[in-house]
């Protein structure tokens, strides 16, 4: 049975596997060294459908690490060289974020992945909302660097909230 969520434009039966922010699976890789477990996503692991990645760690950042935000735009602007990613201490970590996004793209290519579930608000993974670049806790519309790169290559990017809404209804049993 297909589960069609037209609001997100994703047919769940098409999810052979999906890229998932590792922190959302409970891996302690977030900037503060903690995981951000989303219970509904654990079913993807059980079904063998989740391919975890932390683009920031894959790019070379440590755990824990200083918070970073995109200054001068969003992830698309970083890809185009119009914005950069800067830590709260003022260090430019743009190259590391770009390297991590490329790692994520390599994973989706290797495994034929067409859907990614990424951590909202992250300068790497935010799908629709990121911090505004002032390190003041203010959110704005925009996407992270990895989300932007994956979308440029035709990958459907969902936030953990969107994915949990679908998976929380028990639809994960119908995947594949």
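The numbers here are math on the coordinates, done by the rules we state, and not lab data. These numbers come from a predicted model, not from an experiment. Glycine gets a Cβ as well: all are built from the backbone with ideal geometry, and neighbour counts include every protein chain shown.
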With labels modelled as points extended 7 Å from the Cα through the Cβ direction, what inter-label distance (nm, one decimal) is found for residue 37 paired with residue 89?
-> 3.1
Gyration tensor on Cα atoms of the range 109-168, a ≥ b ≥ c root eigenvalues, a/c under 1.5 rounded, else prolate if a/b beats b/c, else oblate, says oblate
How many percent of DSSP beta bridges within the range 4-169 run antiparallel, rounded to 5?
-> 45
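Let me have the 222 nm mean residue ellipticity of the chain computed from DSSP H runs of 4+ only, each contributing -39500 (n - 2.57), with the sum over all residues rounded to the nearest 500.
-7500 deg cm²/dmol
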Spread of Cα-to-Cα distances over 5 Å intervals beginning at zero, given as percent, for the chain | 2, 9, 19, 23, 21, 14, 8, 4, 1, 0, 0
Bin by bin, in steps of 5 Å, what percent of the Cα pairs in the range 77-146 do you find, going until the bin that has the longest distance?
-> 4, 16, 24, 27, 17, 7, 4, 1
Just the ratio, please: alpha-carbon radius of gyration of the range 33-127 over 2.2 N^0.38 Å, N its number of residues.
-> 1.13
On the formula 1/(1 + (r/R0)^6), with r taken between the Cβ atoms of residue 67 and residue 152 and R0 of 41 Å, the FRET efficiency rounded to 0.05 is 0.95
